[in-house]
């Protein structure tokens, strides 16, 4: 990975050397950084947004927050602000969410759990069964008949030794997404999944459970790490340990919702569009400041910075707050916008996504097949470095912008990610996790990249 | 600054390209990172150290903590552990530390202040006077006679727009270090200094006040940012506003103390020494986990990692916990070690300092005049990047290692510094500010650099 990144860089060095720094671009890049750091406009906006509470897709609160943002944006004097209707998934956590381990002496101990998104409930009744712990699907397959009638406890931790926490997440998350259907195949009656997190506390981390067609949908919950370890330890002593669950979460019909879109029209090439954004929906346990209030507000702050510094971009800059990313389904704002982009006569030249949290800038991933574009973007590092962007690496940009086809290049903003999964999908995802300077440098980094694409093309 | 850093890099590119990656070094670098991230040995050590409380130079607690560390290190099986005696400054905060603003209606309001290090007290009596606010020494000079008999309120904030918080600190800190003597020149009776911090709360940030010889020593305190703003605002309404101070801090004779030193002898060139370390003393308002418990424990963790992975280095690796950095005087462990190094027959080939906090790695500063060493160190980036070191830049290494003369190169470990001054010298400097993964990646980065110097020389 490291070596790959370095060689990517080395290929481009001859071009890099030949570059001279454009004074105007340098001046504007510095101005973005200074304005962001001194005004903290985005940080304060995110504070207000977060105070409105979580924005679970399909929920009343997600629309309340969206309309509040819309009314705020309408005061900002952009060229256009509009809502793009989209149908979204609608799942309700309900007000009953309990898990208890029944100890051999008959006493019970409450476990810190939460239902996973789209999980079915237990019909308001206790569902109890013996616990069986597994680390992966291979082990599950071997157990086969032993699983029948039991509650499967998936307890594979994120690998701490991986520096890239997104990679560690990717290698642990299938327990959560696919575990329920895998276990149901062998007759399991429910699953409890070790929270996919790097933070050792007892807050459960939710996230999507994806049921496979044709397999019975069984209740699926996440458990806090301390209780996961307690459960594992207790199971070693008492292999016949039972747990009972009670959940009244439920899936409802698709709900009406919207993407929120705002733009500044380009002064010379208004038909060429640079899209930037994040997803507006969040999970419901925290306030969604990190995932992905950050990405939304940083994108919006880019528009604010252009406006504040009175810079009319050459090309159109469009910000999209995508609705319904977390349920990972086709019923998402990203698909809706993707379809719009395909039909539209506009040319979407580039798309930038911010959905890795609000920590300090490190780099941008770049997804393009064009070698010349790579060279061009790398040559912009002297400007981007002002906002602490140290590298451009090849890589995927993000789930939402990937639905826009035909762009010349797509970018993912990459802040530092060491803390990210400690907040992700849990009650820890709160505005207090955001540091104003780190957050604002991210907005500035995105503004610089947007400006350079707008002025120079790709 | 940015351009400079880039050109520094560009010069070295031909060499970089010609480099091939050494498989053994790569394997060991990865092993350092994995071991650090999974065991969190240093993080847990720092937790225990921080729980012992602050380590103000000359204080009983600083020695208690030092002896605890020594006894722990002695269990670790290094080649040598020893104390190097050094005389250190000794200042006591005392138990009376009060400031009140006297409002025009006769009511008083308590201000959040703390005495600055080495400040004289007020003889346990209230010292009161009119407040006069200034932003800098030029303004002070202009006021001249107006200052007489008054308390000068230095209220110049750190410049938020500067990305490099150390630069912003450097541009604001002279109010704290030199303000008292500057104000005393014009007959001021005391100074209140806006805390030099990036965090907007009401915790005062202490630090050294440096009295000039021949000028009257007047009491000097720092004030929390919220109260600084309150004071400034109230002064605009009531220009004759009075404040009173009561402090019983005092300076005592130099105290006996020690540097703590531990080392693993080199297997081939034991006489060639690579020094790494941080300063053990801290200010007394927090627990000093950030400044500079981090740097000390990261350095120690380098030795631990060599030991744990059973790597006997080619050259000697020596860790120094320097005593008495914060008072910035010649009575410091750094000078004592510097003198020792000069007399010693050993060859100090390199020195690494970690004194910029425990946040996520970004780079190393490199201080050398030798162009070939620069090229060599840059060529190590493929290994260092595994621990998130993205760059090597020319720059000062740190106050402590700078006293070691004749090294081929000196390095400063640079973590991200956006949060640093929010903790620095205040009650915010606590173990809770440390993130295990960020901290451990720093230890690993230092271990990789140390290993490469040890095996390849400079």
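Given the residues B:448, B:389, which is the only one that is touching a residue at least 40 places away in the same chain (Cβ under 8 Å), in contact with a strand residue (DSSP E or B) (Cβ under 6 Å, 6 or more places away or on another chain) and in the same structural domain as residue B:279 (by TED's automatic domain parsing)?
Values: B:448 fails: in contact with a strand residue (DSSP E or B) (Cβ under 6 Å, 6 or more places away or on another chain).
Just a single option satisfies the conditions, and that option is B:389.
Of all residues in the stretch A:32-60, those being within 11 Å of chain B (Cβ to nearest Cβ) and either surrounded by fewer than 18 Cβ atoms within 10 Å (Cβ to Cβ) or in a loop (DSSP other than H, G, I, E, B) (or both) number 3. Out of all the residues in the stretch B:431-438, is one or more more than 13 Å from chain A (Cβ to nearest Cβ), within 25 Å of residue B:56 (Cα to Cα), in a strand (DSSP E or B) and touching a residue at least 12 places away in the same chain (Cβ under 8 Å)? For the stretch B:431-438, residues more than 13 Å from chain A (Cβ to nearest Cβ), within 25 Å of residue B:56 (Cα to Cα), in a strand (DSSP E or B) and touching a residue at least 12 places away in the same chain (Cβ under 8 Å): absent.
Residues to consider are B:325, B:301; find the one that is crowded, with 21+ Cβ neighbours inside 10 Å and not in a helix (DSSP H, G or I). It would help to see each step written out before you state the result.
On the way: B:301 fails: not in a helix (DSSP H, G or I).
None of the others qualify; the one that does is B:325.
Kindly establish whether residue A:21 is farther than 30 Å from residue B:159 by Cα and either outside any strand (DSSP E or B) or at pLDDT 95 or above (or both). Lay out the reasoning, then the answer.
Values: farther than 30 Å from residue B:159 by Cα: no; either outside any strand (DSSP E or B) or at pLDDT 95 or above (or both): yes.
Criteria not met by residue A:21.
Within this structure, residue B:383 fails the test of being in contact (Cβ under 8 Å) with a residue 40 or more places away in the chain and touching a strand residue (DSSP E or B) at 6+ places or on another chain (Cβ under 9 Å). What do you reckon, is residue A:269 surrounded by fewer than 19 Cβ atoms within 10 Å (Cβ to Cβ) and touching a strand residue (DSSP E or B) at 6+ places or on another chain (Cβ under 6 Å)? It is true that residue A:269 is surrounded by fewer than 19 Cβ atoms within 10 Å (Cβ to Cβ) and touching a strand residue (DSSP E or B) at 6+ places or on another chain (Cβ under 6 Å).
Which one of A:256, A:236 is in a helix (DSSP H, G or I) and modelled with pLDDT of 95 or more? Break it down into steps so the answer makes sense when it comes.
Details: A:256 fails: in a helix (DSSP H, G or I).
Within the list A:256, A:236, the selection yields A:236.
Of the numbered criteria (1) touching a residue at least 60 places away in the same chain (Cβ under 8 Å); (2) in the same structural domain as residue A:172 (by TED's automatic domain parsing), the one residue A:272 fails is (2).
Table: residues versus (1) closer than 17 Å to residue B:154 by Cβ; (2) modelled with pLDDT under 95; (3) more than 19 Å from the chain's Cα centre (by Cα).
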residue: B:209; (1), (2), (3): yes, no, no
residue: B:213; (1), (2), (3): no, no, yes
residue: B:243; (1), (2), (3): yes, no, yes
residue: B:250; (1), (2), (3): no, no, yes
residue: B:266; (1), (2), (3): no, no, yes
residue: B:276; (1), (2), (3): no, no, no
residue: B:317; (1), (2), (3): no, no, yes
residue: B:320; (1), (2), (3): no, no, no
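The values are calculated or read from the model by the stated rules, or taken from the named source; none is laboratory data. This structure is a prediction, so every number in the text was calculated from the model and none was measured. We place every Cβ from the backbone using ideal geometry, glycine too, and count neighbours over all the protein chains shown.
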